[in-house]
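Below is one structure; the comments refer to it alone.
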Amino acid sequence: MRRLMAIMAVLLGTVGLLAGCGSSDDNSADGASASASSGTKPLVIDITFSGKDVTPHGDRVDVNVGQNVEFLVKADAAGQIHVHSTPEKQLDYNAGTTEIQVGSFDQPGLIEVESHALGKTIVQLQVQ
Amino acid sequence: MGGDVTPLAHGIGGRQDLPVPLETAIVAAVAALVVSFVVLAWTVRRRTDAVLVEAARQARGAGSADALRRTGRSGFAERVGTLVDSRGWRIALRTVGMLLFLYTAMVAIFGQDLEINPIFGVFYIWMWVGLVPFSLLFGEAWKAISPVRTINAGINWLRRDTGASEGGGLYEYDEARFGYWPAIVGIFAFTWMELVYPHNSYLGPVRLWLAIYVAVMLIGGQLWGSRFYANADPFEVYSSLMAKLSVWGRTTSDQGDEGRLVVRSPLANVDTLAPRAGLVAVVSTLFGTIVFDSFRDSVPWLKFTQGDNIVARHAYLADNLALFLFPLAVAAFFCVGTMLTGVGDDLDRHRLPGLLAPSLVPIVAGYVVAHYMSYWWEGGQQTLVQASNPFSDGSNWFGTANLSVNFFFAYHPTLLADLKVLAVVIGHILGVISSHKRAIAVLPRRHMVTGQIPLLITMIGFTVGGLYLLFAA
């Protein structure tokens with residue numbers, strides 16, 4: 001049992017060390033992307049509704065923390081888009097073309113953008 | 001134009017965690033792999049030891065002898081035991097449970113059908129997610145506060161039947177035959193509500209679910225006594241399984257009642273989990289449904305179920321089927337892996353999944369912790385804020401209404417990712433050591449090393465699969 005404990009201790013230490021190395025790499029990467037993002041143009045996402053379909057449906061889009069997001073919606077009927085950020089947002093669009101300012105996100109995370117009427121996920125915003 | 005001023009009526013769950021970085025997931029997978037083979041190598045060195053004798057004894061006695069030996073009679077455990085077994089302590093916990101129950105019933109019946117009604121947080125986060133950390137830290141938490149147990153005891157008291165034997169049911173619960181199977185129905189009922197049912201964030205369905213739960217539990221308790229709760233209450237079964245990874249255990253006494261409180265290592269504690277009918281199924285269900293929860297947010301699954309194909313046209317049906325198929329796949333993978341493990345002639349292969357299932361509990365717990373860590377942190381706080389305003393009229397009952405949620409994990413995604421993979425890897429290590437101890441008890445000496453390889457591959461499969469989902473979903 002004691003030997004087992006020793007083995008576990010060593011291995012856990014190794015894991016911690018490896019994780020530590022990995023995380024320091026990530027941090028520098030995060031820092032780099034964050035500094036690059038400051039002052040970038042807003043991210044425009046084209047969304048097309050037609051009947052019961054929506055394009056895109058399930059794409060993952062990279063967004064920088066603090067970057068403005070804009071939806072350019074082309075639709076054949078008016079409707080609503082739900083942005084599952086914290087707090088959540090409900091955005092209306094009309095038939096025809098609607099330009100929606102979604103704003104920016106200051107918390108890193110994965111944000112689902114859905115149409116509840118269609119029951120579909122349009123995009124997932126990967127904020128980091 | 002953007003009308004984000006309207007308060008949302010419904011919808012639980014906002015922002016989710018970022019995926020774990022690929023490098024972190026790979027490092028963790030490699031660590032899991034290395035640990036697994038170190039444990040296997042450890043078998044080779046120790047196989048002639050007394051471990052074998054003890055393990056064989058353990059296989060028969062489900063580890064009680066070993067656990068007892070390691071327990072020690074520490075004064076600390078004895079003092080805590082005296083406290084928690086005292087009448088006052090038990091009544092205090094039961095009172096806490098009943099107050100929570102009454103509060104939940106109040107907001108379920110009189111609350112408004114709005115997103116800020118605390119019922120949703122209480123139901124989906126405090127009850128289901130919260131029971132895991134409480135059970136891991138403090139042992140059988142749900143059993144201690146279970147309001148349905150308390151009400152059942154109250155009914156028995158009114159009937160002047162204090163239940164000298166086993167909580168006083170009309171019939172004996174046939175544990176050997178039915179085991180955990182009734183709880184599996186409950187776990188599916190909950191996870192279906194949480195993950196599949198589209199109207200799960202409306203008050204009506206949640207209220208109905210809870211009403212049915214309470215009704216079934218009270219009728220079952222009257223029919224089969226308190227043993228029913230240990231096998232059929234989905235919350236208690238889940239909680240008590242997680243409690244096997246806490247440091248709190250109990251000695252088993254011959255009368256079948258609860259023994260003394262003891263402090264033991266989580267490994268020794270999980271050894272005391274006796275195989276029971278439905279154990280493989282209940283562990284597979286818990287794991288499979290959470291895997292489904294991760295998987296359904298992954299890009300390939302979204303693209304597939306929302307694209308132009310036969311499955312997408314029946315997306316709701318596909319979700320329903322997937323909720324059952326994932327646990328089935330987990331169970332099948334585990335059963336095949338364990339049954340391929342080499343055994344002697346005196347042991348039926350079909351018994352192996354059941355005998356080795358307790359070792360899956362740490363792996364499941366690790367994944368559950370990783371999956372829910374940030375959700376519990378943020379959602380738990382959010383619910384506490386909402387709890388002060390039970391009728392959505394702006395009141396501040398407990399003074400928590402104006403607290404703001406601390407989004408620590410959201411701002412430290414790297415730390416969160418590291419903690420998640422660490423939870424998965426620790427769960428894997430405990431699982432592998434535990435399965436190894438069980439395996440050497442059932443394997444003949446000539447198969448000692450080779451016989452364990454299918455089992456080991458199964459465990460690695462679960463862990464790497466879990467890590468992949470943390471990375472991809």
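If you go through segment B:131-154, how many residues are surrounded by fewer than 20 Cβ atoms within 10 Å (Cβ to Cβ) and under 29 Å from B:ILE363 (Cβ atoms)?
4
Pairs please, first residue from segment B:14-27 and more than 7 Å from every other protein chain (Cβ to nearest Cβ), second anywhere and in a loop (DSSP other than H, G, I, E, B) and among the basic types (Lys, Arg), Cβ atoms under 8 Å, 6+ apart in sequence or on different chains.
Pairs that qualify, where the first residue is more than 7 Å from every other protein chain (Cβ to nearest Cβ) and the partner is in a loop (DSSP other than H, G, I, E, B) and among the basic types (Lys, Arg): there are none.
Looking at segment A:91-114, which of its residues are modelled with pLDDT of 90 or more and polar (S, T, N, Q)?
Within segment A:91-114, A:ASN94, A:THR97, A:THR98, A:GLN101, A:SER104 qualify.
Output yes when any residue across segment B:352-373 is outside the structural domain of B:PRO182 (by TED's automatic domain parsing), within 25 Å of B:LEU267 (Cβ to Cβ) and not in a helix (DSSP H, G or I), and no when none is.
So far as segment B:352-373 goes, no, none of its residues is outside the structural domain of B:PRO182 (by TED's automatic domain parsing), within 25 Å of B:LEU267 (Cβ to Cβ) and not in a helix (DSSP H, G or I).
So, restricting to helices (runs of 4 or more DSSP H) that lie completely within segment B:71-148, which ones have at least 3 residues that are under 20 Å from B:TYR213 (Cα atoms) and under 25 Å from the mean Cα position of the chain (by Cα)?
Passing ranges, in order: B:87-110, B:141-145.
Looking only at segment A:87-105, which residues are surrounded by fewer than 18 Cβ atoms within 10 Å (Cβ to Cβ) and under 19 Å from the mean Cα position of the chain (by Cα)?
A:PRO87, A:GLN101, A:GLY103, A:SER104
Would you check which residues across segment A:53-88 are under 20 Å from A:HIS116 (Cα atoms), part of a loop (DSSP other than H, G, I, E, B) and facing chain B (nearest Cβ under 10 Å) and list them?
Within segment A:53-88, A:PRO56, A:HIS57, A:GLY58, A:HIS84, A:SER85, A:THR86, A:PRO87, A:GLU88 qualify.
Given the criterion touching a residue at least 40 places away in the same chain (Cβ under 8 Å) and within 14 Å of chain A (Cβ to nearest Cβ), identify the matching residue among B:ARG276, B:ARG296.
One residue alone meets the criteria, B:ARG296.
From the list B:ASP297, B:ASP293, B:ASP308, B:ASP319, which one is among the charged types (D, E, K, R), within 20 Å of A:LYS52 (Cβ to Cβ) and surrounded by 15 or more Cβ atoms within 10 Å (Cβ to Cβ)?
Answer to the check: B:ASP319.
The values are calculated or read from the model by the stated rules, or taken from the named source; none is laboratory data. All figures in this text were calculated on a predicted structure; none of them were measured in a lab. Ideal geometry is used to build each Cβ from the backbone, glycine not excepted, and the neighbour counts take in all protein chains shown.
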